[in-house]
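Handing you this structure, nothing more for now.
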Amino acid sequence: MSHWNDNAKSHNTRRMDAGPEAIARAAEVLAEGGLVAFPTETVYGLGADATSGQAVARIYEAKARPAFNPLISHLPDLVAARVQGDFNADALALARAFWPGPLTLVVPVSSACQVCELARAGLESVALRVPAHPLAQALLTAFGRPVAAPSANRSGRISPTSAEHVMAELDGRCQLVINGGPTAVGLESTIVSCLGDQPVLLRPGGLAREDIERVLKRPLAIAQADAAIHAPGMLVSHYAPEAFLRLEARAIERGEAALDFAGQLGAMAPFSAAFADLSPRGDLREAAANLFALLRKLDASGATRIAVAPIPDFGLGEAINDRLRRAAAPRA
Ligand code: TXA
Ligand code: MG
């Protein structure tokens with residue numbers, strides 16, 4: 001990528017393995033207004049003090065984000081989240097059912113909300129999440145303030161599910177990367193807005209829609225395509241590998257790498273430039289966890305095209321297909 005602003009590349013990025021020392025150092029860096037990449041159960045996040053406009057500005061700079069899109073603020077528990085936002089009955093029910101976990105709730109800002117305008121992109125609502133990863137939990141508890149954290153990749157690129165991915169994306173662009181191994185869920189959180197009577201699915205993700213609707217006892221509305229908020233995860237071309245993606249592939253064509261699911265293309269694997277199966281046993285949860293890492297691996301093979309087998313569109317398959325369509329979309 002040639003267009004990013006290399007002013008952001010000014011740090012000596014330190015990498016630390018998970019542990020009390022890493023947590024203490026990370027809390028210090030956040031308190032100084034710096035950037036820390038840390039694991040959550042979904043993907044690695046690039047965190048900053050959500051209450052500081054200057055700290056949050058560094059996130060956009062490091063990621064070379066094209067616009068100030070609103071960010072998710074992370075909290076250690078529901079009690080801390082309720083300080084920042086007003087929870088209606090739906091939001092409370094969802095938080096109680098799924099936090100800590102891969103769900104983000106967009107709620108109206110509370111009168112005591114500390115999340116800065118920049119992290120909210122000036123909106124009167126705020127996106128809140130309580131992550132389930134023990135390291136994220138420890139960091140949020142140690143820091144004691146909300147942490148704004150988008151995925152720890154440069155804008156428009158594949159989200160990182162390991163510390164190695166983060167280093168490949170952001171070495172020199174943040175102070176610290178905490179290594180907590182590969183992430184369990186592998187897809188960003190599901191985002192639901194609870195601003196009115198009708199909860200709206202803003203982004204499919206690591207928590208399946210069916211699970212959410214079971215708790216709400218009614219269907220989620222779908223966000224309008226022309227909604228005022230253009231979240232980065234909602235841009236058409238996003239999560240883009242270098243290679244072109246051919247979706248719904250029933251066969252591997254000459255020169256293609258292949259991303260399979262449940263062995264559909266397995267018989268042709270020897271004829272592919274590179275081959276990986278998201279889940280040989282056809283488990284959508286396993287497929288979600290492997291998605292970004294395997295896309296990266298096939299992309300690194302140098303193949304110019306990746307054939308992707310059909311993925312079922314229920315459960316976590318909805319989010320997997322959403323990310324694949326964005327990765328396959330024509331580049332801006
Ligand atoms: O799994 C995740 O959610 C990861 C990890 C690090 O927690 N974080 C993440 O953050 O994906 P990010 O910044 O890439 O996603 C932010 C999304 C935006 O796409 C936007 O749609 C939504 O959150 N968002 C944030 N504030 C909002 C608001 N006030 N109204 C509507 N959408 C909002
Ligand atoms: Mg992202």
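Of all residues in the stretch 97-127, which are among the aliphatic types (A, V, I, L, M) and assigned to a strand (DSSP E or B)? So that I can check it myself, show each step before the final result.
From the stretch 97-127, those among the aliphatic types (A, V, I, L, M) are 97, 103, 105-107, 109, 112, 115, 118-119, 121, 123, 126-127; that's our starting set.
Those that are among the aliphatic types (A, V, I, L, M) and assigned to a strand (DSSP E or B): 103, 105, 106, 107, 109, 126, 127.
Suppose we filter the stretch 65-94 for residues that are farther than 23 Å from residue 48 by Cα and not polar (S, T, N, Q); how many remain?
Initially, the stretch 65-94 is screened for residues farther than 23 Å from residue 48 by Cα, giving 87-94.
Right, trim to not polar (S, T, N, Q) and you get 87, 89-94.
Qualifying residue count for the region: 7.
Just checking, does the stretch 119-133 include any residue being acidic (Asp, Glu) and under 30 Å from residue 295 (Cα atoms)? Quick ask: steps written out before the conclusion?
First, the residues of the stretch 119-133 that are acidic (Asp, Glu): 124.
Among the residues that remain, those that are also under 30 Å from residue 295 (Cα atoms) are: none.
No, the stretch 119-133 contains no residue that is acidic (Asp, Glu) and under 30 Å from residue 295 (Cα atoms).
Yes or no, residue by residue, for (1) touching a strand residue (DSSP E or B) at 6+ places or on another chain (Cβ under 8 Å); (2) closer than 23 Å to residue 157 by Cβ; (3) hydrophobic (A, V, I, L, M, F, W, C); (4) in a loop (DSSP other than H, G, I, E, B):
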{"site": "269", "(1), (2), (3), (4)": "yes, no, yes, no"}
{"site": "282", "(1), (2), (3), (4)": "no, no, no, yes"}
{"site": "287", "(1), (2), (3), (4)": "no, yes, yes, no"}
{"site": "295", "(1), (2), (3), (4)": "yes, yes, yes, no"}
{"site": "302", "(1), (2), (3), (4)": "no, yes, no, yes"}
{"site": "306", "(1), (2), (3), (4)": "yes, yes, yes, no"}
{"site": "314", "(1), (2), (3), (4)": "no, no, yes, yes"}
{"site": "320", "(1), (2), (3), (4)": "no, yes, yes, no"}
{"site": "323", "(1), (2), (3), (4)": "no, yes, no, no"}
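With respect to residue 206, determine if the residue is within 11 Å of ligand 1 (Cβ to nearest atom) and surrounded by 24 or more Cβ atoms within 10 Å (Cβ to Cβ).
Details: within 11 Å of ligand 1 (Cβ to nearest atom): yes; surrounded by 24 or more Cβ atoms within 10 Å (Cβ to Cβ): yes.
Criteria met by residue 206.
I would also like to ask the following. Residue under question is residue 126, and the condition is that it be touching a residue at least 24 places away in the same chain (Cβ under 8 Å) and touching a Cys at 6+ places or on another chain (Cβ under 9 Å); does it hold? Steps first, please.
Numbers: touching a residue at least 24 places away in the same chain (Cβ under 8 Å): yes; touching a Cys at 6+ places or on another chain (Cβ under 9 Å): yes.
Yes; evaluated as a whole, the condition is true for this residue.
Would you pick out the residues in the stretch 181-200 that are in contact (Cβ under 8 Å) with a residue 12 or more places away in the chain and away from ligand 1 (no atom under 11 Å from the Cβ)?
Applying the first criterion (in contact (Cβ under 8 Å) with a residue 12 or more places away in the chain) to the stretch 181-200 yields 181-195, 198-200.
Scanning the stretch 181-200 gives 181, 182, 184, 198, 199.
Among the residues that make up the stretch 33-54, is at least one of them buried (at least 24 other Cβ atoms within 10 Å of the Cβ), more than 16 Å from residue 151 (Cα to Cα) and touching a residue at least 24 places away in the same chain (Cβ under 8 Å)? Explain how you work it out, then say what you get.
Restricting attention to the stretch 33-54, the residues satisfying the condition of being buried (at least 24 other Cβ atoms within 10 Å of the Cβ) are 35-40, 42-50.
Now restrict to residues that are more than 16 Å from residue 151 (Cα to Cα): none.
No, the stretch 33-54 has no match at all.
While we're looking at this one, here's another question. Pick from the stretch 154-180 the residues that are within 15 Å of ligand 1 (Cβ to nearest atom), touching a strand residue (DSSP E or B) at 6+ places or on another chain (Cβ under 8 Å) and among the polar types (S, T, N, Q): which of them is nearest to residue 290 (Cα to Cα)?
Per the criteria, the residue is 161.
Can you confirm whether the stretch 167-186 contains a residue that is within 12 Å of ligand 2 (Cβ to nearest atom), within 26 Å of residue 98 (Cβ to Cβ) and crowded, with 18+ Cβ neighbours inside 10 Å?
Restricting attention to the stretch 167-186, the residues satisfying the condition of being within 12 Å of ligand 2 (Cβ to nearest atom) are 169.
From what is left, the residues that are within 26 Å of residue 98 (Cβ to Cβ) are none.
No, there is no match, as no residue in the stretch 167-186 is within 12 Å of ligand 2 (Cβ to nearest atom), within 26 Å of residue 98 (Cβ to Cβ) and crowded, with 18+ Cβ neighbours inside 10 Å.
Going by the conditions given, is residue 79 surrounded by fewer than 23 Cβ atoms within 10 Å (Cβ to Cβ) and either more than 10 Å from ligand 1 (Cβ to nearest atom) or within 25 Å of residue 28 (Cα to Cα) (or both)? Spell out the reasoning first.
On the way: surrounded by fewer than 23 Cβ atoms within 10 Å (Cβ to Cβ): yes; either more than 10 Å from ligand 1 (Cβ to nearest atom) or within 25 Å of residue 28 (Cα to Cα) (or both): yes.
When the stated conditions are applied, residue 79 passes them.
Taking the stretch 201-229 as the search range and keeping residues that are β-branched (Val, Ile, Thr) and within 12 Å of residue 94 (Cβ to Cβ), which one is farthest from ligand 2 (Cβ to nearest atom)?
Ranking the candidates gives 215 first.
For the stretch 144-161, enumerate the residues that are within 15 Å of ligand 2 (Cβ to nearest atom) and in a loop (DSSP other than H, G, I, E, B). Explain how you work it out, then say what you get.
Going through the stretch 144-161, the residues within 15 Å of ligand 2 (Cβ to nearest atom) turn out to be 148-161.
Within the stretch 144-161, 149, 150, 152, 153, 154, 155, 156, 157, 158, 159, 160, 161 meet the criteria.
Among the listed residues 320, 306, which satisfies the condition of being hydrophobic (A, V, I, L, M, F, W, C), outside the structural domain of residue 213 (by TED's automatic domain parsing) and within 21 Å of the chain's Cα centre (by Cα)? Walk me through how you get there before you give the answer.
Working: 306 fails: within 21 Å of the chain's Cα centre (by Cα).
When all the criteria are applied, what remains is 320.
Follow-up question, since we're still on this one. If you scan the stretch 212-243, which residues turn out to be among the hydrophobic types (A, V, I, L, M, F, W, C), away from ligand 1 (no atom under 16 Å from the Cβ) and modelled with pLDDT under 95?
Looking only at the stretch 212-243, we keep the residues that are among the hydrophobic types (A, V, I, L, M, F, W, C), and these are 212, 215-216, 220-223, 225, 227-229, 231, 234-236, 240, 243.
If we keep only those that are away from ligand 1 (no atom under 16 Å from the Cβ) as well, we get 215-216, 243.
Scanning the stretch 212-243 gives a single hit, 243.
Condition test on residue 149, is it near ligand 1 (Cβ under 10 Å from one of its atoms), within 22 Å of residue 292 (Cα to Cα) and in contact (Cβ under 8 Å) with a residue 24 or more places away in the chain? Give the steps one after another, and end with the answer.
Values: near ligand 1 (Cβ under 10 Å from one of its atoms): yes; within 22 Å of residue 292 (Cα to Cα): yes; in contact (Cβ under 8 Å) with a residue 24 or more places away in the chain: yes.
The answer is yes for residue 149.
The values are calculated or read from the model by the stated rules, or taken from the named source; none is laboratory data. Predicted model only: the values in this text are computed from it and were never measured. Using ideal geometry, Cβ is built from the backbone for each residue, glycine included, and neighbour counts are taken over all protein chains shown.
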